[in-house]
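Inspection log for the structure reproduced underneath, given as structure tokens.
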Amino acid sequence: MSNPEKTYDLHLHSLWSYHGECAVADFFEPRFRALRAMPCTVIAITDFNTTDGLQEADSLATQFPEVTFIRGVELRVKTIHGDRDLLCYGWPVDPPMDLQRLLSRFTQWSADSSDGWVQALTQSGIDFTMQQREELLAKSRPARVHALQRGTLMNQRALLKFINDNRRRAITSDEFDTIKVRIAQEFTPPCPDVQEVMPVLKRHGIVVVLAHPTGALAHGFRYWLDQSRAEVGYDGIECAHPLMAPEQTERFARYCEEHHLVPTAGSDSRERTDLYLKFGRHLGEPHWAQLLLDRLGR
């Protein structure tokens, strides 16, 4: 598999994701002005646990008919084998009530997880209150985003900087990593269960792809994927991602071919610099975007 700059990217985060920094418009302008003449220009915005940015993206997409825009979202679900991130493609413009209720559960999980962070930091001897969280979110997120999402997950890089700006002794990255492990183990509430999530997604024809499944590389490749496929019932695998080496991408792609799954690829871009350094740079094959579009009936 080669590594040229591709004309599609199926895993993108905007500033509507808690860890995103790119405005939705950045995915269309000025980047796509240079791609007008290229074939198969496809993007999917897959913000984490939220679809708040999709309406804005829909409006912008009408200005760039050469770009095929896929409405998506990335959801984290609980399985018996651990949490899994799912890229969900084909989110409807007017989601039915059961989809709205489902998404609200992920919104609540993000808020509860953020509360857990505050509690864990306090118990770790770090002076960080709910009021300071509000201050951090208001400072680090655009006003219109913060006004809608309020107490959601915090950008961890911004959080560490905020804490150190208000401490006499800075917390090192290693110390912060140790705290994050404790938070994940003791203070993060369970994600919505996959057995409750998947029937709703499938009922509305949403194509579900297992995101960046690097766990398979460390825990028995085929066993890990087989177990996840049996429990989750995913339609495809993100075979190409910045975390994967070329031989790993090829291995995932062979698994997809064997089980008639959709292979996808994306940069997982989320920061402003990513947009220009990483956008569309993945090891996915040129025809993979069309395979996803075919599965979506487009």
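Read the figures in this text as sums done on the coordinates, not as results from a lab. The structure presented is a predicted model; accordingly, all values stated were derived computationally and were not measured. Heads up, the Cβs are rebuilt from the backbone with ideal geometry, glycines too, and the neighbour counts pull from every protein chain shown.
Which residue, Thr178, Thr68, Thr107, has the most motion in a Gaussian network model of the chain that connects Cα atoms within less than 10 Å? Highest fluctuation among the options: Thr178. From the square roots a ≥ b ≥ c of the eigenvalues of the alpha-carbon gyration tensor of region 181-298, which class results: rounded (a/c under 1.5), prolate (a/b over b/c), or oblate? Judged from the Cα gyration tensor, region 181-298 comes out rounded (a/c under 1.5).
Using a Gaussian network model of the chain in which every pair of alpha carbons under 10 angstrom is joined by a spring, one finds that among Ser59, Ser228, Ser267 the greatest mean-square fluctuation is at Ser59. Our coupling estimate for region 185-190, obtained by passing each phi through the Karplus curve with A = 6.51, B = -1.76, C = 1.60 and θ = phi - 60°, is 7, 10, 10, 8, x, x Hz, Gly and Pro reported as x.
How long is the gain from Val200 to Arg254 if the chain were fully straight, where each residue apart is worth 0.36 nm and the alpha carbon distance is subtracted?
Details: separation 54, 0.36 × 54 = 19.44 nm, distance 2.88 nm.
Gain in length upon complete extension: 16.6 nm.
Kirkwood radius and radius of gyration were both taken over the C-alpha atoms of the chain, and their ratio Rg/Rh is 0.96. Note on the chain: GNM, Cα springs under 10 Å; of Leu137, Leu148, Leu102, the largest mean-square fluctuation is that of Leu148. Farthest towards the positive end of the charge dipole of the chain, among the residues Pro65, Ser267, Phe128, is the Cα of Phe128, using unit charges on the Cβ of Lys, Arg, Asp and Glu.
Loop-resident trypsin sites (Lys or Arg not before Pro) (DSSP state other than H, G, I, E or B) in region 164-210 with no more than 10 further Cβ atoms inside 10 Å of their Cβ: Arg168, Arg169. Simple point charges give the picture: +1 on the Cβ of Lys and Arg, -1 on the Cβ of Asp and Glu, and for the chain a dipole about the Cα centre of about 380 debye. Counted residue by residue at 0.36 nm each, then reduced by the alpha carbon distance between them, the extension gain from Asp83 to Asp193 reaches 38.7 nm. Okay, which of region 174-190 sit inside 20 Å, backbone N to the point 7 Å along the Cα-Cβ direction of Thr122? Backbone N within reach: 179-190.
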